[in-house]
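Peer 1: My questions all concern the structure below.
Computed from the coordinates by the stated procedures, all read-outs in this text should not be read as laboratory data. Small disclaimer: the values here were computed from a predicted structure and weren't measured. Cβ placement follows ideal geometry from the backbone for every residue including glycine, while neighbour counts extend to all protein chains displayed.
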Amino acid sequence: MSDFRGQVTLDGPSGTGKSSVARDVARRLDAAYLDTGAMYRAATVAVLDAGVGLDDKVAVARAVADAKIEIGTDAATEVVTVDGVDVAERIRGAEVTRAVSPVSAVPAVRRLLVARQRELVAEADAVVVEGRDIGTVVLPDATLKIYLTAAPEVRARRRAGQLGVTDPGKIAALASDMRRRDEYDSRRADSPLRPAADAVVLDSTDLDREAVVDRVVELARSTVAGRA
Ligand code: DC
């Protein structure tokens, strides 16, 4: 049983091992876990299924508002549904991954999802929330803010490992996809990807997952102890 109470935010680009770190930290702190990227991916499923053009911001926002998106907050099981249909696998596929950046750049979509994220966080005494703008926008008063980075080549290799890709050409394509998405996410006008001024920046280039998890858990416990 952990005595951690509060919110840990984990932001950063893709391929840093953020999701697995966030889940492990949540388990270690006995906390809830919220994957906000999964919410933007589920919203993208709703947009794709509505058949609207990705550049029609009004129609994109309407498709998201009309859909019932549900996301679980248990670190041990992933639950993501859109209108009652399990989309946990589909949200990781290439079709959704290609479309998620433009959908998540629409301010009305962000407003809807950020409101839902804050509701879900308010339901938990202890929670780990991962995303891009959690420390900067969603939870500016979080207990502990982490920004996780890693060298781009390392991030592409890790993502390839997760997907079981070994072909060097395909790894290079993954790396360029990743760079394009990060650039898009960092340059968008609404809630760009960047560390909060009070975030602890952790570079995982030379650290394995366990070392990163240990460091975040230690920081979370010491932050709470320091406030008591
Ligand atoms: O972490 P991920 O790859 O599952 O995120 C999917 C996309 O959603 C990513 O391109 C950026 C976007 N996203 C966002 O804009 N804000 C968040 N809080 C989380 C994800």
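This table checks each residue for (1) among the charged types (D, E, K, R); (2) under 20 Å from Leu10 (Cα atoms); (3) surrounded by fewer than 16 Cβ atoms within 10 Å (Cβ to Cβ); (4) in contact with a strand residue (DSSP E or B) (Cβ under 6 Å, 6 or more places away or on another chain).
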position: Asp141; (1), (2), (3), (4): yes, yes, yes, no
position: Thr149; (1), (2), (3), (4): no, yes, no, yes
position: Leu163; (1), (2), (3), (4): no, no, yes, no
position: Glu183; (1), (2), (3), (4): yes, yes, yes, no
position: Arg187; (1), (2), (3), (4): yes, yes, yes, no
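Peer 1: Please enumerate the residues belonging to the stretch 15-36 that are touching a Gly at 6+ places or on another chain (Cβ under 8 Å) and more than 11 Å from Ile71 (Cα to Cα).
Peer 2: Scanning the stretch 15-36 gives Lys18, Ser19.
Peer 1: Can I ask one more? Of all the residues that make up the stretch 189-222, how many are buried (at least 17 other Cβ atoms within 10 Å of the Cβ) and not aliphatic (A, V, I, L, M)?
Peer 2: Within the stretch 189-222, residues that are buried (at least 17 other Cβ atoms within 10 Å of the Cβ) and not aliphatic (A, V, I, L, M) number 4.
Peer 1: State which residue is surrounded by the most Cβ atoms within 10 Å (Cβ to Cβ) when the search covers only the stretch 100-112 and only residues that are farther than 17 Å from Arg180 by Cα and in contact (Cβ under 8 Å) with a residue 12 or more places away in the chain.
Peer 2: Looking only at the stretch 100-112, we keep the residues that are farther than 17 Å from Arg180 by Cα, and these are 106-112.
Filter once more, keeping what is in contact (Cβ under 8 Å) with a residue 12 or more places away in the chain: 106-110, 112.
On the way: Val106: 22, Pro107: 13, Ala108: 15, Val109: 25, Arg110: 23, Leu112: 18.
Once the filter is applied, the top-ranked residue is Val109.
Listed here are the residues, each with its yes/no results for (1) more than 14 Å from the ligand (Cβ to nearest atom); (2) assigned to a loop (DSSP other than H, G, I, E, B); (3) not β-branched (Val, Ile, Thr).
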| position | (1), (2), (3) |
| --- | --- |
| Gly15 | no, yes, yes |
| Ala65 | yes, no, yes |
| Ala75 | yes, yes, yes |
| Ile91 | no, no, no |
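Peer 1: Within the stretch 191-208, track down each residue that is within 16 Å of the ligand (Cβ to nearest atom) and farther than 12 Å from Ser101 by Cα. I'd like the intermediate steps shown before the answer.
Peer 2: Residues of the stretch 191-208 that are within 16 Å of the ligand (Cβ to nearest atom), as a first pass: 191-196, 199, 204.
Matches in the stretch 191-208: Ser191, Arg194, Pro195, Ala196, Ala199, Ser204.
Peer 1: When the residues of the stretch 24-47 are filtered to those that are over 11 Å from the mean Cα position of the chain (by Cα), assigned to a helix (DSSP H, G or I) and surrounded by fewer than 24 Cβ atoms within 10 Å (Cβ to Cβ), which remaining residue is nearest to the ligand (Cβ to nearest atom)? Walk me through how you get there before you give the answer.
Peer 2: Start the filter on the stretch 24-47 by keeping residues that are over 11 Å from the mean Cα position of the chain (by Cα), which leaves 24-32, 42-47.
Those left that are additionally assigned to a helix (DSSP H, G or I): 24-29, 42-47.
Subsequent filtering for residues that are surrounded by fewer than 24 Cβ atoms within 10 Å (Cβ to Cβ) retains 24, 27-28, 46.
Details: Asp24: 16, Arg27: 19, Arg28: 21, Ala46: 14 Å.
The residue in question is Ala46.
Peer 1: Please tell me if Thr97 is under 16 Å from the mean Cα position of the chain (by Cα), within 12 Å of the ligand (Cβ to nearest atom) and surrounded by 23 or more Cβ atoms within 10 Å (Cβ to Cβ). Talk me through it step by step, then tell me what you get.
Peer 2: On the way: under 16 Å from the mean Cα position of the chain (by Cα): yes; within 12 Å of the ligand (Cβ to nearest atom): yes; surrounded by 23 or more Cβ atoms within 10 Å (Cβ to Cβ): no.
Considered against the rule, which asks whether it is under 16 Å from the mean Cα position of the chain (by Cα), within 12 Å of the ligand (Cβ to nearest atom) and surrounded by 23 or more Cβ atoms within 10 Å (Cβ to Cβ), Thr97 comes out as no.
Peer 1: So Gly53 clears everything in (1) within 13 Å of the ligand (Cβ to nearest atom); (2) part of a loop (DSSP other than H, G, I, E, B) except one condition, right? Which one?
Peer 2: (1)
Peer 1: Please list, ordered by residue number, the helices (runs of 4 or more DSSP H) wholly in the stretch 128-228 having 2 or more residues that are in contact with a Cys (Cβ under 6 Å, 6 or more places away or on another chain). Steps first, please.
Peer 2: Numbers: elements: 152-163, 168-187, 209-227.
Hits in the stretch 128-228: none.
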